[in-house]
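Everything below concerns the one structure shown next.
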Amino acid sequence: MYVTPEQVTSANKAGVEAVLALATSQFAAFERLSTLNFNAAKAAFEEGLGRAKSLLDAKDPQEYFNANSTASQPALEKLIAYSRSVYEVAAQTQGEVAKFVEARADEFNKNLVAILDKASKSAPAGSDVAIAAVRSALAAATTAYGSFNKAAKQATEMAEANFTAATTSAKTKRHAATA
């Protein structure tokens, strides 16, 4: 039941590589979100300038009112599209993190089971009860983790459905208001 330096080095290398992969994916998500925010801010600034110019060019109150009301219609669509894009980045990132955690948990469980197998072979008589208790606790923890993971996935799916419903409702209300 001895651990060799090669095994420690291999485990450390695998752990570092996994964390670096996660960091890389998180940085890519941050980059996508930053680009999305920059583009939204730039578009809002340019639209604000255009709107200010059109309001300044209005010759009467009716033209001023029309310029003001027509500007708000596309803004709602852009807000919905922006919200959808942010949600997609967040959902994708959450999925990547969930896969990472799931893989690490599976790897931990396999390693712990292997250690328990080795320990049970070289353990003194009577220690099989303690090893069985650890195995039972591991099985219970794995079951609890599976239940938690399933509930988290259901909550994510529910949030997706609610977001889609809210987006559809906002679009419907906007189209009804403009008709």
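Cβ separations smaller than 9 Å between residues 6+ apart or across chains give the following pairs from region 92-109 residues that are over 12 Å from residue 18 (Cβ atoms) to residues that are in a helix (DSSP H, G or I) and of a type in the set (D, E, K, R): 92/32; 93/32; 98/153. Would you pick out the residues in region 24-61 that are under 12 Å from residue 82 (Cβ atoms) and in contact (Cβ under 8 Å) with a residue 40 or more places away in the chain? Listed by number, the residues that qualify are 33, 36, 40. Whether any residue in region 26-49 is over 29 Å from residue 166 (Cα atoms) and assigned to a helix (DSSP H, G or I) is what I want to check. Yes, that holds for at least one residue.
Could you say whether any residue in region 91-106 is part of a loop (DSSP other than H, G, I, E, B) and either surrounded by 13 or more Cβ atoms within 10 Å (Cβ to Cβ) or at pLDDT below 80 (or both)? No, region 91-106 has no match at all. Residue by residue through region 37-63, note down the ones that are among the basic types (Lys, Arg), within 19 Å of residue 77 (Cβ to Cβ) and either in contact with a strand residue (DSSP E or B) (Cβ under 6 Å, 6 or more places away or on another chain) or modelled with pLDDT under 90 (or both). If the condition is that a residue be among the basic types (Lys, Arg), within 19 Å of residue 77 (Cβ to Cβ) and either in contact with a strand residue (DSSP E or B) (Cβ under 6 Å, 6 or more places away or on another chain) or modelled with pLDDT under 90 (or both), then 51 is the only one that fits.
Of the listed requirements (1) more than 30 Å from residue 89 (Cα to Cα); (2) surrounded by 10 or more Cβ atoms within 10 Å (Cβ to Cβ), residue 165 misses just one: (1). In this entry, residue 67 is excluded by the filter for residues that are in contact with a Phe, Trp or Tyr (Cβ under 8 Å, 6 or more places away or on another chain) and either surrounded by 13 or more Cβ atoms within 10 Å (Cβ to Cβ) or free of Cβ contacts under 8 Å to residues at least 24 places away in the same chain (or both).
Here region 1-50 is the region considered, the condition is being acidic (Asp, Glu) and over 26 Å from residue 90 (Cα atoms), and the residue that is surrounded by the fewest Cβ atoms within 10 Å (Cβ to Cβ) is 6.
Every residue, every condition in (1) touching a His at 6+ places or on another chain (Cβ under 7 Å); (2) more than 30 Å from residue 156 (Cα to Cα); (3) polar (S, T, N, Q), yes or no:
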position: 48; (1), (2), (3): no, yes, no
position: 54; (1), (2), (3): no, yes, yes
position: 57; (1), (2), (3): no, yes, no
position: 67; (1), (2), (3): no, yes, no
position: 70; (1), (2), (3): no, yes, yes
position: 79; (1), (2), (3): no, no, no
position: 90; (1), (2), (3): no, no, no
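Scanning region 114-132 for residues that are hydrophobic (A, V, I, L, M, F, W, C) and surrounded by 13 or more Cβ atoms within 10 Å (Cβ to Cβ) yields a total of 5. Within region 51-78, the residues that satisfy the criterion of being farther than 27 Å from residue 172 by Cα and of a type outside the set (Lys, Arg) are 52, 54, 55, 56, 57, 58, 60, 61. Checked against (1) in contact with a helix residue (DSSP H, G or I) (Cβ under 7 Å, 6 or more places away or on another chain); (2) under 30 Å from residue 28 (Cβ atoms), residue 135 passes all but a single condition, namely (2).
The values are calculated or read from the model by the stated rules, or taken from the named source; none is laboratory data. All values reported here derive from a predicted model rather than from experimental measurement. No Cβ is skipped: glycine too gets one built from the backbone with ideal geometry, and neighbour counts run over all protein chains shown.
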